[in-house]
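J.: Just passing along the structure, written as structure tokens.
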Amino acid sequence: MTTATTRANRTPPARTNSGSGSGSGSGSARSSPPVAMSSLPSLTGLRWVAALLVFGLHVNNFGYFGGGAGRIVTWAFGAGATGVSFFFVLSGFVLTWSARPRDRALAFWRRRIARVYPVHLVTLAVALVMTYTLAHQAKPTPSQALANVLLLHSWWRPWWQTLNPVSWSLACEAFFYAAFPLLILLLRRLGARGATALGGLSVVAVLVLAWADAHHWMAESIYSLPAARLPEFVLGAVTARLVLLGRWRGPGLEASLALAIIGYFLVPQVTPGYSATVCTIAGFTLLIPAAAVADAHGLPSLWRHRRMVRLGELSFAFYMIHLLVLRAGTNLLGTKPHFGLLAGLAVTTVAFTLSLALSWLLYEAVERPARRLLLRRRRTGTGPAPQRESVPSSRETPVAVRE
């Protein structure tokens with residue numbers, strides 16, 4: 001999972017006076033490359049929304065609500081797993097937006113490790129302690145534990161839901177990070193038409209994979225397979241490249257959000273699993289660049305509110321810890337307690353508050369200081385300091401995430 005905070009040296013276009021993020025008013029803003037921005041706060045705010053969808057999905061899966069309340073929660077959050085698809089598209093967009101012109105692969109990988117690995121290791125250790133101290137927790141085999149540590153556990157089905165289950169998306173992100181130096185090299189050599197063609201191929205790949213998965217052409221579901229989720233990451237990278245080239249012609253923020261919401265509520269109509277990606281991929285692929293364009297050109301955006309941005313900064317840690325909180329709660333609440341509305345709201349509020357408090361602790365005590373420590377520049381005595389990069393909070397990223 002990645003945070004939408006980037007720096008770039010770009011020539012700013014003329015600002016528009018449009019009062020809307022959609023419709024013809026934003027067309028002139030999209031006709032030229034975006035203004036140089038130190039951050040894309042709307043993308044950080046949207047990351048929180050995606051993390052919240054995943055939290056709601058798990059509350060539904062843990063059966064906190066019964067009866068009519070349970071049906072409402074299922075309607076609202078039954079498609080919450082698509083928040084992970086949003087993280088994948090966002091990760092491709094942010095990494096392409098913030099890519100340094102002469103960056104080396106090793107330097108890029110070092111920054112990515114510093115971004116996600118400390119929180120991953122801490123939450124993995126918490127999950128491991130829980131398996132030996134709480135009742136009814138499956139204990140991992142040595143191979144499962146090692147695969148989790150190395151972020152390889154999404155490549156083989158028997159490994160993928162062990163220890164901290166949401167970290168499966170980090171294994172996908174690790175694969176994306178490995179491929180990104182080649183992808184960005186390709187995108188820089190392709191013009192706008194070539195990038196658009198690559199995006200079209202990625203859409204076709206999503207459709208073909210969804211059809212194959214729904215018809216059981218593969219022995220196992222491909223939902224968590226990193227290679228199968230790569231087209232979503234590529235789509236994010238392609239749209240970022242088009243925005244940077246000033247060739248993005250997607251709809252504005254309001255229309256893109258409407259398409260994303262429609263796709264989200266279409267998910268129950270398709271085969272569960274990877275097929276849900278087909279419903280939401282168009283909306284997510286349009287929404288992310290629309291939010292970036294709104295930020296870059298000063299157009300209105302609800303997602304730029306400082307509280308949304310702050311929550312977005314915590315979203316990766318929240319994504320990584322919330323399922324462990326819900327799992328620990330089963331020792332007190334039992335499995336699928338199916339409470340009534342008021343009791344369900346009460347236990348959900350407690351779980352949410354505890355998850356948010358722990359995510360703040362992880363962010364302030366682990367994520368930020370560990371990143372500073374791992375990225376501390378070795379003293380060479382002379383020479384100019386390198387350009388500083390503010391890394392996005394992804395997660396990235398959930399059942400995770402996030403970048």
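J.: Return the residues of segment 267-287 that are of a type in the set (A, V, I, L, M) and more than 20 Å from A228 (Cβ to Cβ); say none if nothing qualifies.
T.: Step one: of segment 267-287, the residues of a type in the set (A, V, I, L, M) are 267, 270, 276, 278, 281-282, 286-287.
Selection gives L286, L287.
J.: Would you tally the residues in segment 233-259 being open to solvent by 40 Å² or more (accessible area, probe 1.4 Å), part of a helix (DSSP H, G or I) and not aliphatic (A, V, I, L, M)?
T.: So the count comes out to 2.
J.: In addition: Mind checking which pairs have a first residue in segment 205-230 that is on the phi < 0 side of the Ramachandran plot and a second that is open to solvent by 50 Å² or more (accessible area, probe 1.4 Å), Cβ under 6 Å, 6 or more apart or different chains?
T.: So the pair list comes out as A210/V278; A214/T271; E220/R157; P226/F175.
J.: Mind telling me which of the residues L182, L187, L209, L198 ends up being open to solvent by 90 Å² or more (accessible area, probe 1.4 Å) and either at pLDDT 95 or above or touching a Pro at 6+ places or on another chain (Cβ under 6 Å) (or both)? Outline the logic, then answer.
T.: Details: L187 fails: open to solvent by 90 Å² or more (accessible area, probe 1.4 Å); L209 fails: open to solvent by 90 Å² or more (accessible area, probe 1.4 Å); L198 fails: open to solvent by 90 Å² or more (accessible area, probe 1.4 Å).
Selected residue: L182, the only one of L182, L187, L209, L198 that is open to solvent by 90 Å² or more (accessible area, probe 1.4 Å) and either at pLDDT 95 or above or touching a Pro at 6+ places or on another chain (Cβ under 6 Å) (or both).
J.: Please state which one of G56, G23, G80, G45 is modelled with pLDDT under 95 and of a type in the set (G, A, S).
T.: Working: G56 fails: modelled with pLDDT under 95; G80 fails: modelled with pLDDT under 95; G45 fails: modelled with pLDDT under 95.
It is G23.
J.: List the pairs whose first member sits in segment 285-300 and is hydroxyl-bearing (S, T, Y), whose second member is assigned to a helix (DSSP H, G or I) and buried (at least 24 other Cβ atoms within 10 Å of the Cβ), and whose Cβ atoms are under 7 Å apart, counting only residues at least 6 apart or on separate chains?
T.: T285/V89; T285/L235; T285/T239
J.: If you check I321 against the conditions, is it crowded, with 24+ Cβ neighbours inside 10 Å, part of a helix (DSSP H, G or I) and over 14 Å from the mean Cα position of the chain (by Cα)?
T.: Working: crowded, with 24+ Cβ neighbours inside 10 Å: yes; part of a helix (DSSP H, G or I): yes; over 14 Å from the mean Cα position of the chain (by Cα): yes.
Against the criterion (crowded, with 24+ Cβ neighbours inside 10 Å, part of a helix (DSSP H, G or I) and over 14 Å from the mean Cα position of the chain (by Cα)), I321 qualifies.
J.: Turning to a different aspect of this structure: What number of residues in segment 105-120 are among the charged types (D, E, K, R) and out of contact with any helix residue (DSSP H, G or I) (no Cβ under 8 Å at 6 or more places or on another chain)?
T.: Residues of segment 105-120 among the charged types (D, E, K, R): 110-112, 115.
Remaining after also requiring out of contact with any helix residue (DSSP H, G or I) (no Cβ under 8 Å at 6 or more places or on another chain): 111.
So the count comes out to 1.
J.: I need every pair where a residue in segment 76-88 that is closer than 14 Å to G283 by Cβ has its Cβ under 9 Å from the Cβ of a residue that is surrounded by fewer than 24 Cβ atoms within 10 Å (Cβ to Cβ) and of a type in the set (S, T, Y), sequence separation at least 6 or different chains.
T.: Pairs found: A79/Y264; T82/Y264.
J.: Looking at segment 79-110 only, could you name the residues that are surrounded by fewer than 20 Cβ atoms within 10 Å (Cβ to Cβ) and of a type outside the set (A, V, I, L, M, F, W, C)? Write out each step before concluding.
T.: Here is the first cut: in segment 79-110, the residues surrounded by fewer than 20 Cβ atoms within 10 Å (Cβ to Cβ) are 100-110.
Listed by number, the residues that qualify are R100, P101, R102, D103, R104, R110.
J.: What tally of residues in segment 218-232 results from selecting those that are in a loop (DSSP other than H, G, I, E, B) and acidic (D, E)?
T.: Residues of segment 218-232 in a loop (DSSP other than H, G, I, E, B): 218-225.
Now narrow it down to the ones that are acidic (D, E): 220.
Count: 1.
J.: Going by the structure shown, is P289 in a helix (DSSP H, G or I), more than 18 Å from V89 (Cβ to Cβ) and either within 16 Å of the chain's Cα centre (by Cα) or of a type outside the set (F, W, Y) (or both)? Explain how you work it out, then say what you get.
T.: On the way: in a helix (DSSP H, G or I): yes; more than 18 Å from V89 (Cβ to Cβ): no; either within 16 Å of the chain's Cα centre (by Cα) or of a type outside the set (F, W, Y) (or both): yes.
Against the criterion (in a helix (DSSP H, G or I), more than 18 Å from V89 (Cβ to Cβ) and either within 16 Å of the chain's Cα centre (by Cα) or of a type outside the set (F, W, Y) (or both)), P289 does not qualify.
J.: Still on this structure, I have one more. Only one of (1) crowded, with 17+ Cβ neighbours inside 10 Å; (2) in contact with a helix residue (DSSP H, G or I) (Cβ under 7 Å, 6 or more places away or on another chain) fails for A174. Which number is that?
T.: Every condition holds for A174 apart from (2).
The values are calculated or read from the model by the stated rules, or taken from the named source; none is laboratory data. Owing to the predicted nature of the structure, the values given are computational and were not obtained by experimental measurement. Virtual Cβ from ideal backbone geometry, glycine too; neighbours counted across all protein chains shown. Accessible surface areas use protein heavy atoms only, side chains included; no ligands, DNA or RNA. Shrake-Rupley method; radii C 1.70, N 1.55, O 1.52, S 1.80 Å.
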